1. Can you name the condition, by its number, that Thr211 falls short on among (1) away from the ligand (no atom under 16 Å from the Cβ); (2) open to solvent by 10 Å² or more (accessible area, probe 1.4 Å)?
2. I'd like the full set of residues that are out of contact with any strand residue (DSSP E or B) (no Cβ under 8 Å at 6 or more places or on another chain), open to solvent by less than 50 Å² (accessible area, probe 1.4 Å) and more than 20 Å from Arg6 (Cα to Cα), limited to the stretch 17-46.
3. Answer yes if at least one residue in the stretch 189-205 is modelled with pLDDT of 95 or more, within 16 Å of the ligand (Cβ to nearest atom), over 25 Å from Pro68 (Cβ atoms) and of a type outside the set (Lys, Arg), and no otherwise.
4. Condition (residue is open to solvent by 40 Å² or more (accessible area, probe 1.4 Å), touching a Leu at 6+ places or on another chain (Cβ under 6 Å) and closer than 24 Å to Gly145 by Cα) applied to the stretch 218-231: is it met by at least one residue?
5. Pairs only if they're at least six apart or on different chains, beta carbon under 8 angstrom, first in the stretch 216-234 and part of a strand (DSSP E or B) and more than 16 Å from the ligand (Cβ to nearest atom), second hydrophobic (A, V, I, L, M, F, W, C) and open to solvent by less than 30 Å² (accessible area, probe 1.4 Å); list them, first residue then second.
6. Out of Ile151, Ile135, Ile193, Ile189, I need the residue that is under 16 Å from the mean Cα position of the chain (by Cα) and free of Cβ contacts under 8 Å to residues at least 60 places away in the same chain. Which one?
7. From the list Lys75, Lys89, Lys70, which residue is open to solvent by 10 Å² or more (accessible area, probe 1.4 Å) and within 20 Å of Val225 (Cα to Cα)?
Amino acid sequence: MRESGRVTGLVLKELENFIKPGISTMDIDRFVEDTIRKNGMTPSFKGLYGFPASACVSINEEVVHGIPSKKRKLKEGDIVSVDVGSTYKDYVSDAARTYPVGKIDPEAQRLIDVTRDSFFEGLKFCKVGYRLSDISHAIQMRAEGEGYGVIRDFVGHGVGRDMHEEPQIPNYGAPGRGPRLAKGMVFAIEPMITQGDYEVETLLNNWTVVTLDGKLSAHYENTVVITDGEPELLTL
Ligand code: MG
């Protein structure tokens, strides 16, 4: 999983320079797939539940599961979320980032920053002795404290031989509930945060999830290992 995570993290790092106005969401998908395969791994999302591409690429009000397309071009001022998984020797890693496209509105940048910060707030509770929902609660408090909405319909999850394993890890909820964290557990923790309400709908393509109010949404995710000390981030 460390090896897998290293490549997923590398792909997301390299996308920082790749993403610019004028490229298509399919260009991002090609870049992601090529980079994963060059490193001797396979893109975990391709074919997962029938998903047709290697990366989920979601622009602006799209929350998750955007399908790459040659026709969807990035424009200056957009924000774009890219979710990537790599599989190595049957082990999976999962991570996501939201990127600015060219120069963006300061409010859009603040959404990206707070989404990332809320992940790290949750990470403080990724330690033996806490319970699962302590992570959820910390993420919610940080994001809502900044006036943002926390997506309810999509959540973090265990990850290992499969992309989506038990337990589910909501980004909201009361603290002190759920399993006690133990050394060796591996989670994909992934706040999805909006400028507005948390209500979403799925487009007619049956994949792309958008905010109902049309406001921007950002995503930040890493694969995290619980150790007997500080948590280990496999994808950063
Ligand atoms: Mg995930």
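The values are calculated or read from the model by the stated rules, or taken from the named source; none is laboratory data. Bear in mind that the values here come from a model prediction, so they are computed numbers and not experimental data. In this analysis, Cβ positions are derived from the backbone assuming ideal geometry, glycine residues included, and neighbour counts consider all displayed protein chains. Areas reflect the complete protein model, heavy atoms only, side chains present, ligands, DNA and RNA absent. Shrake-Rupley method; radii C 1.70, N 1.55, O 1.52, S 1.80 Å.
1. (2)
2. Once the filter is applied, which keeps residues that are out of contact with any strand residue (DSSP E or B) (no Cβ under 8 Å at 6 or more places or on another chain), open to solvent by less than 50 Å² (accessible area, probe 1.4 Å) and more than 20 Å from Arg6 (Cα to Cα), the stretch 17-46 yields only Met26.
3. So far as the stretch 189-205 goes, no, none of its residues is modelled with pLDDT of 95 or more, within 16 Å of the ligand (Cβ to nearest atom), over 25 Å from Pro68 (Cβ atoms) and of a type outside the set (Lys, Arg).
4. Narrowing the stretch 218-231 to residues open to solvent by 40 Å² or more (accessible area, probe 1.4 Å): 228, 230.
Restricting the remaining residues to those that are touching a Leu at 6+ places or on another chain (Cβ under 6 Å) gives none.
Scanning the stretch 218-231 turns up no residue that is open to solvent by 40 Å² or more (accessible area, probe 1.4 Å), touching a Leu at 6+ places or on another chain (Cβ under 6 Å) and closer than 24 Å to Gly145 by Cα.
5. Glu232/Val224; Glu232/Val225
6. Values: Ile151 fails: free of Cβ contacts under 8 Å to residues at least 60 places away in the same chain; Ile193 fails: free of Cβ contacts under 8 Å to residues at least 60 places away in the same chain; Ile189 fails: free of Cβ contacts under 8 Å to residues at least 60 places away in the same chain.
Selected residue: Ile135, the only one of Ile151, Ile135, Ile193, Ile189 that is under 16 Å from the mean Cα position of the chain (by Cα) and free of Cβ contacts under 8 Å to residues at least 60 places away in the same chain.
7. Details: Lys75 fails: within 20 Å of Val225 (Cα to Cα); Lys70 fails: within 20 Å of Val225 (Cα to Cα).
Exactly one residue qualifies, and that residue is Lys89.
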